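In what follows, a structure is listed as structure tokens, so that the remarks can point back to it.
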Amino acid sequence: MRLVINVVILVLGATASISHNVVETLNGAIRGKLVRDLNVTYYAYLGIPYAEAPTGQLRFKPPVPKKPWNGTLDASAYGPVCPQDEMYHKRSDMNEDCLNLNVYVPARPALAPTPVLVYVHSGELTLLSGRPYVLGPQFYMKYGVLLVTMNYRLGALGFLSVQTEEAAGNAALKDILLSLQWVKKYISQFGGDPDNVTIGGESSSAVLVQYLTLSERSSNLFHKASIISGSALSYRFFNRHPIQSALELGKKMGYHTEDPNELVRKLQEADVFDIVTAQGDKTNKRNGFRPFAPFTPVAETPSPHAVITQHPLQIVNQGIPQVIPIISGITTQEGIKMLPFIRQNPILAVHLNENLELCIPSDIEYPYGSRESKDLANSIKQFYFNNETISNTTLLNFVNLVSDTQVTYSTDRWIEIYKNMANSDRVYYFVFDFDGDLNWYKLFSKTQFPGAAHADHLGYMFVTNTTRPLLLSAGAESKQTIQVVLQLWTNFIKYGNPSRLTSLTCNIREEWSDCGTQRNYLALNNRPYMVPGPPLRRRLHFWRQVYAQYESYVARGGGLEAKTP
């Protein structure tokens with residue numbers, strides 16, 4: 001790692017001291033800064049472009065690697081974020097020239113190259129960025145891990161597909177792939193180990209990580225994966241009808257052509273924020289139970305640039321392309337994330353009670369109103385609600401239904417398939433069940449409900465904007481949970497084994513072992529322990545039967561109705 005110290009600025013009375021330094025790469029020199037924050041010191045190289053601006057005719061296309069620059073790149077401030085709704089970022093921070101990444105390096109002597117964590121931000125494929133809104137690096141700097149985060153294209157800009165070369169789809173996956181290639185090529189010059197890279201994600205980004213593990217194009221770009229509360233097998237993140245979604249977007253924007261290539265040309269000429277606005281209504285028109293974007297990964301037409309050309313289940317049934325150590329798991333109450341939505345939209349409960357067919361996952365394409373669809377809706381009502389209606393007294397039942405359909409079943413199914421097909425003895429399964437002072441989602445959404453919600457673990461894994469003010473005042477058990485989570489995850493990042501070199505001071509008194517064919521799991525909290533698996537056995541069995549019946553129906557030639565995520 002070549003560092004040239006140019007300037008040192010000490011600000012009296014401030015919380016940070018900053019120094020500028022330069023790293024030489026084949027693309028050009030990069031000047032970062034030295035940061036001291038939360039009792040840890042690290043180098044930060046921010047907003048490094050890894051691709052050319054995906055504008056004009058490059059919109060919807062695979063990213064083009066950034067050309068070398070002259071002089072020294074100032075990487076002391078974050079670069080633009082990708083265009084999106086103004087929920088987390090201001091419009092002034094957005095620009096279509098957003099394909100940049102951030103490198104955080106522990107500022108302490110290293111006897112060997114530093115293990116690398118490449119973390120993909122979540123946000124339902126439409127929001128957030130690689131900035132530290134929820135991905136503050138300080139914890140990993142303390143534990144001696146180099147952290148890389150990146151931006152990738154969002155919404156239609158990242159996932160629109162018309163199944164031709166004009167817009168093949170999965171542009172966002174290709175962005176992440178290019179950033180991984182950048183890490184492979186350049187991270188050693190920052191002191192990182194290109195042969196010890198872990199990729200991580202949660203929720204929608206866990207899905208993207210899992211897609212990359214299924215692509216031969218990512219071979220040797222990472223060596224371990226952390227996949228939390230998300231699965232490529234989820235109905236939410238695979239679009240079987242991408243051309244339909246693209247044409248619907250075009251009509252929203254006043255383009256009434258049925259020619260997909262002509263539509264792409266019009267969209268390439270459109271103002272980028274007009275596209276963001278047109279896709280802004282993320283709620284499925286027919287089903288408020290699924291407020292998700294229609295632009296998700298797709299099966300591409302085979303080509304040299306294709307990342308995924310089949311449904312993920314087809315891929316794994318043919319064999320696992322990459323067998324690597326995996327951490328994967330869920331929270332106890334993933335479905336809490338839907339409570340603010342249903343509380344703010346009470347009419348949703350009315351609609352669901354009138355037609356529980358709306359609760360059926362969209363990858364079960366029974367025609368609405370058919371006998372099969374109605375029978376399944378009745379089975380759901382009986383199993384989850386004991387034939388009662390959705391109301392304040394049955395919110396836990398509703399949370400369980402959301403948890404199982406959107407996260408839990410597909411995550412567990414993936415772990416089972418991976419374990420059986422990969423023949424790996426390093427698959428580590430967990431259920432995060434800690435309900436403490438730093439549960440991110442419940443703090444962010446101001447939701448009070450027992451259990452660990454979707455994304456609640458983030459408060460114990462990263463410094464987030466929401467939890468940062470509470471770090472000092474958090475209770476002892478919450479601080480212990482931070483220690484436990486970071487000790488386990490950084491062990492995994494460094495060694496591929498979360499239980500290696502654990503400390504009794506972190507309350508880790510039991511080895512986190514491979515899940516085995518029984519899918520045994522770690523109850524993840526301030527005092528973790530192993531539990532015979534699988535979790536939620538009865539509920540998972542219900543959905544296993546549901547999908548088996550549907551597959552039998554399809555095999556018999558049953559009629560189907562196209563549904564988007």
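Observations, loosely collected:
- Qualifying residue in the stretch 89-110 (condition: surrounded by fewer than 23 Cβ atoms within 10 Å (Cβ to Cβ), modelled with pLDDT under 95 and of a type in the set (A, V, I, L, M, F, W, C)): yes
- The stretch 490-506, subset at pLDDT below 95 and β-branched (Val, Ile, Thr), residue farthest from ASP435 (Cα to Cα): THR502
- Looking only at the stretch 258-284, residues that are surrounded by 14 or more Cβ atoms within 10 Å (Cβ to Cβ), modelled with pLDDT of 95 or more and assigned to a loop (DSSP other than H, G, I, E, B) come to 1 in all.
- Any chance SER424 is farther than 25 Å from LYS337 by Cβ and in contact (Cβ under 8 Å) with a residue 24 or more places away in the chain: yes
- Residue list for the stretch 36-49, filter: in a loop (DSSP other than H, G, I, E, B) and either buried (at least 22 other Cβ atoms within 10 Å of the Cβ) or small (Gly, Ala, Ser) (or both): none
- Condition check for GLY201: closer than 11 Å to VAL118 by Cα and in contact with a strand residue (DSSP E or B) (Cβ under 7 Å, 6 or more places away or on another chain): yes
- Any hit, the stretch 94-101, residues being closer than 27 Å to LEU443 by Cα and either free of Cβ contacts under 8 Å to residues at least 60 places away in the same chain or over 18 Å from the mean Cα position of the chain (by Cα) (or both): yes
- ARG240 vs. criteria of a type in the set (Lys, Arg) and part of a helix (DSSP H, G or I): no
- Search result, residues across the stretch 517-543 that are in contact (Cβ under 8 Å) with a residue 12 or more places away in the chain and basic (Lys, Arg): ARG519, ARG527, ARG539
- Hey, GLY201 in contact with a helix residue (DSSP H, G or I) (Cβ under 9 Å, 6 or more places away or on another chain) and not in a helix (DSSP H, G or I) or not: yes
- Given (1) touching a strand residue (DSSP E or B) at 6+ places or on another chain (Cβ under 8 Å); (2) closer than 19 Å to SER328 by Cα; (3) not acidic (Asp, Glu), number of the condition GLN518 does not satisfy: (1)
- Top-ranked residue of the stretch 182-238 - restricted to ones that are among the basic types (Lys, Arg) and over 24 Å from PRO63 (Cα atoms), ranked as modelled with the highest pLDDT: LYS224
- Odd one out for ILE324, checked against (1) part of a helix (DSSP H, G or I); (2) β-branched (Val, Ile, Thr); (3) at pLDDT 95 or above: (1)
- ARG519 basic (Lys, Arg), under 30 Å from SER373 (Cβ atoms) and surrounded by 15 or more Cβ atoms within 10 Å (Cβ to Cβ): no
- Condition check for GLN545: outside any loop (DSSP other than H, G, I, E, B) and closer than 22 Å to ASN420 by Cβ: yes
- With respect to the conditions (1) assigned to a loop (DSSP other than H, G, I, E, B); (2) among the hydrophobic types (A, V, I, L, M, F, W, C); (3) within 26 Å of ARG240 (Cα to Cα), LEU376 falls short on a single one, namely (1).
- Enumeration of residues in the stretch 53-79 that are within 25 Å of ALA278 (Cβ to Cβ), in contact (Cβ under 8 Å) with a residue 40 or more places away in the chain and surrounded by fewer than 20 Cβ atoms within 10 Å (Cβ to Cβ): ALA53, THR55, GLY56, GLN57, LYS61
- Within the stretch 369-384, considering residues that are of a type outside the set (Gly, Ala, Ser), over 31 Å from the mean Cα position of the chain (by Cα) and surrounded by 15 or more Cβ atoms within 10 Å (Cβ to Cβ), the one nearest to GLU551 (Cα to Cα): GLU372
- Against the criterion of being closer than 26 Å to SER424 by Cβ, modelled with pLDDT of 95 or more and among the polar types (S, T, N, Q), GLN487 qualifies.
- Test: residue in the stretch 184-207 that is surrounded by fewer than 24 Cβ atoms within 10 Å (Cβ to Cβ) and in contact with an Asp or Glu (Cβ under 7 Å, 6 or more places away or on another chain): yes
- Output for the stretch 403-435, where each listed residue is within 16 Å of LEU233 (Cα to Cα), buried (at least 19 other Cβ atoms within 10 Å of the Cβ) and either of a type outside the set (D, E, K, R) or under 17 Å from the mean Cα position of the chain (by Cα) (or both): SER403, THR405, GLN406, VAL407, THR408, TYR409, SER410, THR411, ASP412, TRP414, ILE415, TYR418
- Against the test of being in contact (Cβ under 8 Å) with a residue 12 or more places away in the chain and at positive phi, the options LEU154, LEU128 yield a single qualifying residue, LEU128.
- When LEU472 is tested against the conditions (1) surrounded by 15 or more Cβ atoms within 10 Å (Cβ to Cβ); (2) of a type in the set (A, V, I, L, M, F, W, C); (3) in a loop (DSSP other than H, G, I, E, B), the lone failure is (1).
- Selected residue (only one of ARG537, ARG509, ARG544 is surrounded by fewer than 17 Cβ atoms within 10 Å (Cβ to Cβ), at pLDDT below 95 and not aliphatic (A, V, I, L, M)): ARG509
- Leading residue by the ranking (surrounded by the fewest Cβ atoms within 10 Å (Cβ to Cβ)) among those in the stretch 166-183 that are polar (S, T, N, Q) and closer than 30 Å to LEU263 by Cα: SER179
- Taking the criterion of being within 30 Å of PRO321 (Cα to Cα), hydrophobic (A, V, I, L, M, F, W, C) and part of a helix (DSSP H, G or I), the residues of the stretch 392-451 that qualify are VAL407, TRP414, ILE415, ILE417, MET421, ALA422.
- With respect to the conditions (1) more than 17 Å from THR331 (Cα to Cα); (2) crowded, with 20+ Cβ neighbours inside 10 Å; (3) not hydrophobic (A, V, I, L, M, F, W, C), ASN526 falls short on a single one, namely (1).
The values are calculated or read from the model by the stated rules, or taken from the named source; none is laboratory data. Every value quoted in this text rests on a predicted model; they were computed, and no experiment measured them. Because the Cβ atoms are built from the backbone with ideal geometry, glycine has one as well, and the counts that use them run over all protein chains shown.
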